[in-house]
Amino acid sequence: MSLLNVEGLYKTYGEKTLFDHISFHIEPKERIGLIGPNGTGKSTLLKVIAGLELFEEGDITKAGTLDIEFLEQDPEMSGNETILEYVFSGTAPIIQTMKAYEQALADLEQDPQNEARQEALMRMQNRMDQEDAWDANLSAKTILTKLGVKDVNRRVHALSGGQKKRVAIAKNLIQPAGLLILDEPTNHLDNATIEWLEGYLSQYSGAVILVTHDRYFLNRVANRIYELSQGQLYTYKGNYEIFLEKRAEREAEAQVKETKRQNLLRRELAWLRRGAKARTTKQKARIGRVEELKDQKGPDAKGELDFAIGSHRLGKQVIEAEDITISFGDQTLVERFTDLVVPGDRIGFIGPNGVGKTTLLHCLAGKIEPTTGRLIIGQTVRIGYYTQDHKEMNEELNIIDYIKETAEIVKTADGAIVTAEQMLERFLFPRSMQRTFIRKLSGGERRRLYLLKVLMEEPNVLFLDEPTNDLDTETLSILEDYLEQFPGVVMTVSHDRYFLDRVVNRLLVFEGNGRISHFQGAYSDYMEQEKELKRTESERPAEKQGEAAPKKRKKLSYKDQLEWDGIEDRIQALEGKHQQLEASIAEAGSDFGKIQELMDEQKAVAEELEQAMDRWTELSLMIEELESN
């Protein structure tokens, strides 16, 4: 029996039809991924299912006493309750019992010698036995721990946006529910937490319907995909990968049908125009058929999100950070960070929330000064900065005026002129929509509009702070295609593993307490290395008691010494080669094929130079250690 049935759902927003008499049902243990372009009504549909928003026509039927838990995209917590009170705020008896037990436990921890509190805890332990709530309580504590929720006595109104999201997810997972509705659950979560949530939802006892931009998450959790587009709902059995295949087949089939309709219409019109008698019964039937064919609507032509915007020339010097430390009071977020950013770099910032990723990005962009150290930004560098909060947008402006504040025209990579109106069309804002006020746009549409504004500045260095939040999967895919061809430098903070794998070629790994390590390669390569290290650690036999400590190294090995003797010459040679290639590129003139070949070679030399510098640092530290011993 279905948990929830929706029949003929119809809803509009202004002049836009969000749901044009759509029907669907949700079965027990289904895990549904809801996808579609921004502004099509995905979040609205979740709210309608949850009973939080009205609709104009249709019918929604729930099975029996179906319990629904709903996670909003940006949970509002303005009350004065503690995290404990918020997380265990459900009405189910087992939830009330766990809440009372946890409160009694917290009270006793504050005053362990208080006999009244000791007796209260014993009473609650008996209630936990009676309700058989110990397993549920252990699961709740695991959820809180995995989501990084530690101090349950903090007031929810004082939490940051990311902390509120984690607490809200914990509440949704702890409450018993037959249907769990999640709107962008991966926003504000670090990669380790996202991977844990994937595993948890895969084993969740109820049904799940969710909206997310994280395609790895969608692929591993969902067993059915709902696609919302142009007021219609299309359903696909399988995960995101299967959906992509099936949607391509559906669109190809629709195009074949449209071609047949157009051919038939042309033939009928040609026959009518030959001048046959217009009053015969057959002729009237043909006229009726032609009118019917004209009225039929073919598949909507998809707007193409084209990012082929030119950028200003980027010179040899981009950004150099020397021994940078960034502190706020007693807290050090970045300690003695050194890095050389070269043309063609694609750098991803990864690590838990709150460890300084955005702070370092601000510093490298020249927006904040380092506490100590030196930052050098090349004279030709032109930074485009896409921030998490996308600044304050003037909601009283319409779309076209907002874009024209930056530029009325731009040049593409091949020198063609494109107007602001044309660029908006390429960004899926048709002419009919360009006079719409910003206040009427969805969150995702605003993000897309802000992204266009940043790119129309024609930067040669892109700073992207969580660019994947609130953008639909289609926009993300084309943004990734653009970044692959972008001739400048990209530096991005992101928790989106798929995005990192497609876009970056090296990582800055934020380990906490100001420490940042370098990794050459994509995100999946880094995760494989981390898993291998953990495997090695777990398989390593414990040291026997009384076993002698390993002897300290007295000198470099023959191989290391040989490498040390020649490494400075190697670095000097690579630097010389890099400079020669830079000169050759300048001399190549308009021979773009030759320029691309030289740039590829220069990129390889830059990577080899960076590895040599890292090895020089490693060997010099070994020598310092030997000298101190």
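The values are calculated or read from the model by the stated rules, or taken from the named source; none is laboratory data. Owing to the predicted nature of the structure, the values given are computational and were not obtained by experimental measurement. Neighbour counts run over all protein chains shown; Cβ positions are idealised from the backbone, glycine included. Ligands, DNA and RNA are stripped out before the accessible areas are found, and what is left, the full protein with its side chains, is counted by its heavy atoms. Shrake-Rupley method; radii C 1.70, N 1.55, O 1.52, S 1.80 Å.
At a glance:
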item	result
Total residues in segment 25-38, condition within 17 Å of LEU4 (Cα to Cα), open to solvent by 10 Å² or more (accessible area, probe 1.4 Å) and in contact (Cβ under 8 Å) with a residue 24 or more places away in the chain	5
Unique match (being among the polar types (S, T, N, Q), touching a residue at least 12 places away in the same chain (Cβ under 8 Å) and either surrounded by 19 or more Cβ atoms within 10 Å (Cβ to Cβ) or farther than 26 Å from ARG515 by Cβ (or both)) among SER432, SER442	SER442
Residue under evaluation GLY58, criteria (1) at pLDDT 90 or above; (2) in contact with a His (Cβ under 9 Å, 6 or more places away or on another chain); (3) open to solvent by less than 30 Å² (accessible area, probe 1.4 Å), criterion not met	(3)
Single unsatisfied condition, LYS150 versus (1) more than 18 Å from the chain's Cα centre (by Cα); (2) touching a residue at least 60 places away in the same chain (Cβ under 8 Å); (3) open to solvent by 10 Å² or more (accessible area, probe 1.4 Å); (4) not assigned by the TED database to the domain that holds GLU30	(2)
Condition check for ALA301: assigned to a loop (DSSP other than H, G, I, E, B), open to solvent by less than 60 Å² (accessible area, probe 1.4 Å), out of contact with any Pro (no Cβ under 7 Å at 6 or more places or on another chain) and at pLDDT below 65	no
Unmet requirement for SER89, which otherwise passes all of (1) among the polar types (S, T, N, Q); (2) buried (at least 17 other Cβ atoms within 10 Å of the Cβ); (3) touching a residue at least 40 places away in the same chain (Cβ under 8 Å)	(2)
Some residue of segment 393-413 being closer than 26 Å to ALA522 by Cβ and open to solvent by less than 40 Å² (accessible area, probe 1.4 Å)	no
Number of the condition not met by GLU537 [criteria: (1) charged (D, E, K, R); (2) within 32 Å of the chain's Cα centre (by Cα); (3) modelled with pLDDT of 75 or more; (4) in a helix (DSSP H, G or I)]	(3)
Test: residue in segment 384-394 that is at pLDDT 90 or above and charged (D, E, K, R)	no
All positions within segment 419-429 that are over 26 Å from the mean Cα position of the chain (by Cα) and crowded, with 19+ Cβ neighbours inside 10 Å	ALA420
Residue match in segment 460-475 (condition: in contact with a Leu (Cβ under 7 Å, 6 or more places away or on another chain) and open to solvent by 10 Å² or more (accessible area, probe 1.4 Å))	no
Set GLU466, GLU480, GLU474: member being at pLDDT below 80 and under 15 Å from the mean Cα position of the chain (by Cα)	GLU474
